[in-house]
Amino acid sequence: MSEPLFLKPVFHEKIWGGNHLKTVFDYSIPSDHTGECWAISAHPNGVCQVENGQYAGQKLDALYQNQPELFGHPTKAVFPLLTKILDANDWLSVQVHPDDAYGLKHEGELGKTECWYIIAADEDAEIIYGHHAKTRQELADLIAHQDWDHLLKKVKVKAGDFFYVPSGTMHAIGKGILILETQQSSDTTYRVYDFDRKDDEGNLRELHLQQSIDVMTIGEVENSKPKTISDGAADITTFVSNDFFTVYQWQIHGEKAFIKNADYTLVSVIAGQGELVVADTIYPLNKGQHFILPADVASWSISGELSLIASHDGK
Ligand code: ZN
């Protein structure tokens, strides 16, 4: 039976989290320090469950192993992507992620290339996106001297912006930003600087300076170049397309028919409401819902006034 797989998010409290996952998306969150909604995840640190249909109650990691036909009989051993919404009520740590080779060797899991769609941002909100060091030695020296003003590159952001953050990129999401993140399914983070913050028990969070210096890319970060194709019913923007993932925005204003162009597709409704139609069945869509269109869904349509972020594995 061809049907979408709607997923139940998993929430993580964070020192920098807030309550926007409730006020904006109406999720029931564990506290006013909720930082992350793991919306489509098969990662062991937060596995989503299917909410509807014949697979209701099943966990995405088990489904990926036991029903490979839903995912086009994938060759990858683990579900490769992870979709999150992050509520940065304060700065996240300044950090970097390893690539696959380093991650598999040192952490036993994939590296992490990620990308961000800015859902909302306070006026003057900023991110850290890259650094100014010209050599690895200069990078190590500036970190050793905690000379953050000379090291870190800050960029102003606004709603609708998109940032591609390949592994090896120095980055931090700034205060007052709500982001949808599409990333490799990995939870390995090397912290460079955490603003000297202490948690409720008075402890500093661990830093990983040597690993950070090892994996950091030296040189400019190159953002991706989005391309938009519009017709009467939708504006389809491709933000990035590479070996890790392809990420789109589907802005629907009418009724738009889709034909699948990947084994399976991850979809998040970030604004508006409407309907999804799969095999003559209507599924109401609302802001905050997340679903996978599995391999046996060859075509679908979406109608209404909606903004969705969609992604699939690889190009
Ligand atoms: Zn990150």
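Within region 29-47, can you find the residues that are free of Cβ contacts under 8 Å to residues at least 60 places away in the same chain and crowded, with 16+ Cβ neighbours inside 10 Å? Step through it out loud before you land on a result.
Looking only at region 29-47, we keep the residues that are free of Cβ contacts under 8 Å to residues at least 60 places away in the same chain, and these are 29-38, 44, 46-47.
If the condition is that a residue be free of Cβ contacts under 8 Å to residues at least 60 places away in the same chain and crowded, with 16+ Cβ neighbours inside 10 Å, then I29, H33, T34, G35, E36, C37, W38, G46, V47 are the ones that fit.
Can G176 be described as open to solvent by 60 Å² or more (accessible area, probe 1.4 Å) and away from the ligand (no atom under 16 Å from the Cβ)?
Working: open to solvent by 60 Å² or more (accessible area, probe 1.4 Å): no; away from the ligand (no atom under 16 Å from the Cβ): yes.
Judged against the criteria, G176 is not a match.
Do we find a residue being under 13 Å from L7 (Cβ atoms) and among the basic types (K, R) anywhere in region 104-115?
To start, the set of residues in region 104-115 that are under 13 Å from L7 (Cβ atoms) comprises none.
No, there is no match, as no residue in region 104-115 is under 13 Å from L7 (Cβ atoms) and among the basic types (K, R).
Among the residues of region 56-66, is there at least one that is on the phi < 0 side of the Ramachandran plot, at pLDDT 95 or above and within 15 Å of the ligand (Cβ to nearest atom)? It would help to see each step written out before you state the result.
As a first pass, look at region 56-66 and keep what is on the phi < 0 side of the Ramachandran plot: 56, 58-66.
Filter once more, so that each one left must be at pLDDT 95 or above: 56, 58-66.
From the residues that got through so far, the ones that are within 15 Å of the ligand (Cβ to nearest atom) too are none.
No, every residue in region 56-66 fails to be on the phi < 0 side of the Ramachandran plot, at pLDDT 95 or above and within 15 Å of the ligand (Cβ to nearest atom).
Condition check ((1) part of a loop (DSSP other than H, G, I, E, B); (2) surrounded by fewer than 19 Cβ atoms within 10 Å (Cβ to Cβ)) across all residues:
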position: A62; (1), (2): no, yes
position: A77; (1), (2): yes, yes
position: L92; (1), (2): yes, no
position: I119; (1), (2): no, no
position: I128; (1), (2): no, no
position: L139; (1), (2): no, no
position: K154; (1), (2): no, yes
position: K158; (1), (2): yes, yes
position: F163; (1), (2): no, no
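State yes or no: is G103 in a strand (DSSP E or B) and either open to solvent by 10 Å² or more (accessible area, probe 1.4 Å) or more than 11 Å from the ligand (Cβ to nearest atom) (or both)? Steps first, answer last, please.
Values: in a strand (DSSP E or B): no; either open to solvent by 10 Å² or more (accessible area, probe 1.4 Å) or more than 11 Å from the ligand (Cβ to nearest atom) (or both): yes.
It is false that G103 is in a strand (DSSP E or B) and either open to solvent by 10 Å² or more (accessible area, probe 1.4 Å) or more than 11 Å from the ligand (Cβ to nearest atom) (or both).
Would a scan of region 268-275 turn up a residue that is in contact (Cβ under 8 Å) with a residue 60 or more places away in the chain, among the charged types (D, E, K, R) and surrounded by fewer than 18 Cβ atoms within 10 Å (Cβ to Cβ)?
No, region 268-275 contains no residue that is in contact (Cβ under 8 Å) with a residue 60 or more places away in the chain, among the charged types (D, E, K, R) and surrounded by fewer than 18 Cβ atoms within 10 Å (Cβ to Cβ).
Answer yes or no as to whether H145 is over 30 Å from L60 (Cβ atoms), more than 16 Å from the ligand (Cβ to nearest atom) and not small (G, A, S). Break it down stepwise before answering.
Values: over 30 Å from L60 (Cβ atoms): yes; more than 16 Å from the ligand (Cβ to nearest atom): yes; not small (G, A, S): yes.
Criteria met by H145.
Are any residues in region 259-300 more than 24 Å from Q58 (Cα to Cα) and in contact with an Asp or Glu (Cβ under 6 Å, 6 or more places away or on another chain), and if so, which ones?
Hit for region 259-300 is G272, nothing else.
Could you list, in sequence order, the residues of region 106-130 that are among the hydroxyl-bearing types (S, T, Y) and within 13 Å of the ligand (Cβ to nearest atom)? I'd like the intermediate steps shown before the answer.
Narrowing region 106-130 to residues among the hydroxyl-bearing types (S, T, Y): 113, 117, 129.
T113, Y129, listed by residue number.
Going by the conditions given, is L81 closer than 16 Å to F245 by Cα and in contact with a helix residue (DSSP H, G or I) (Cβ under 6 Å, 6 or more places away or on another chain)?
So L81 fails the test.
Can you go through D87, D100 and tell me which one is within 29 Å of Q146 (Cα to Cα), modelled with pLDDT under 95, touching a Leu at 6+ places or on another chain (Cβ under 7 Å) and of a type in the set (D, E, K, R)? Steps first, please.
On the way: D87 fails: modelled with pLDDT under 95.
Answer to the check: D100.
The values are calculated or read from the model by the stated rules, or taken from the named source; none is laboratory data. The model shown is predicted, which means the values in this text are computed figures rather than measured ones. Neighbour counts run over all protein chains shown; Cβ positions are idealised from the backbone, glycine included. Remember, those area values only see protein heavy atoms, side chains included, never the ligands or the DNA or RNA. Shrake-Rupley method; radii C 1.70, N 1.55, O 1.52, S 1.80 Å.
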